[in-house]
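The values are calculated or read from the model by the stated rules, or taken from the named source; none is laboratory data. The model shown is predicted, which means the values in this text are computed figures rather than measured ones. Counting neighbours? That spans all protein chains shown, and the Cβs are built from the backbone with ideal geometry, glycine included. In case anyone asks, the SASA skips ligands and DNA or RNA and just uses the protein heavy atoms, side chains included. Shrake-Rupley method; radii C 1.70, N 1.55, O 1.52, S 1.80 Å.
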Amino acid sequence: MSESASATQGLRAAIDRSGYYPDVVADALETCLAGERVVSYFVHHEPTFYSEEVRRHITVLVLTPSRLVLGHTDEHPADETLPTPYATASTEAVPIDRVSSIVVSRVVANPAAYEPGGPVHEAILTIGWGAMGRLDLEPATCADPNCEADHGYTGTFSSDDLTVRVSSAVEGGDAVGRLLGFAQELSVLTRRPPQFR
């Protein structure tokens, strides 16, 4: 079996293991993948509590040689749109050269005793490609404690198109490792020669 076929089968197996409408999720992804080879993937099933019910959400990240494919599937209760419960599945394909930032945050317990390759308690992956941004503003101040002037605002703008957070306490240490592995594969694919920066 080729490495590509193995990765594709692994992706489908991970979607099946999530137990969350696997055929709906897989069909939505297949539309965007369009037969392109799977390099790496990460499947994140995230139930959320909404009033007195649990609603499920699944995010699937797939790397191909040329694109980052993202799939999101949500379930909804019956409403005026449909008289039965339903799911919405959306996919987005981002060219690898459009990925502008990859932020990986790690939480480790007892950092003084941490050894290279040791367990990571939590990992947060944030990927930016310019579709969405976040602007955080706060009143600007000066060093004079008696100053009453209006100094306007100061702030930061950050690209924040997608954030995935995985905790070993909730999803298990293997899930944290898979997210970190996906982040590394994404970093490898988005390396650019100096002339393209």
Can you give the Rg and Dmax of the chain based on its C-alpha atoms, in angstrom?
-> 20.4, 73
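Would you work out what percent of the accessible area of the chain, with all protein chains in place, is carbon or sulfur (probe 1.4 Å)? Intermediate values should be presented prior to the final figure.
Working: 6380 of 12210 Å².
The C+S portion of the solvent-accessible surface of the chain is 52 percent.
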Residue-normalised accessible area of the chain, given per residue in Å² at a 1.4 Å probe = 62 Å²
Estimated inter-spin distance, Asp23 and Leu137, nm [label 7 Å along Cα→Cβ] | 5.0 nm
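At 0.36 nm per residue, and after removing the present C-alpha to C-alpha distance, how many nm does the segment from Leu82 to Ser167 gain when stretched out fully?
Numbers: separation 85, 0.36 × 85 = 30.60 nm, distance 3.50 nm.
27.1 nm is the gain from fully extending Leu82 to Ser167.
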What is the spin-label model distance, in nm, from Thr48 to Gln9 if the labels are put 7 Å beyond Cα along the C-beta direction?
-> 3.6 nm
Under unit Cβ charges (Lys, Arg +1; Asp, Glu -1), what dipole magnitude, rounded to 20 debye, does the stretch 72-123 have relative to its Cα centre?
-> 320 debye
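Give me the extension gain from Cys147 to Arg55: residue separation times 0.36 nm, minus the current Cα-Cα distance, reported in nm with one decimal. Could the numbers behind the result be given before it?
On the way: separation 92, 0.36 × 92 = 33.12 nm, distance 5.06 nm.
Contour length minus the Cα-Cα distance gives 28.1 nm.
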On a C-alpha basis, how far is the centre of the stretch 102-129 from the centre of the stretch 15-66 in Å? Whole number, if you could?
-> 23 Å
In the Gaussian network model of the chain, springs joining C-alpha atoms below 10 Å, which of Ala123, Ala89, Ala149 carries the largest mean-square fluctuation?
-> Ala149
Whole-Å semi-axes of the ellipsoid equivalent to the stretch 82-124 (Cα gyration tensor, √5λ, descending) = 37, 21, 7
Can you give the helix-only mean residue ellipticity at 222 nm for the chain, where every DSSP H stretch with n ≥ 4 adds -39500 (n - 2.57) and the sum goes over all residues, rounded to the nearest 500 deg cm²/dmol?
-> -7500 deg cm²/dmol
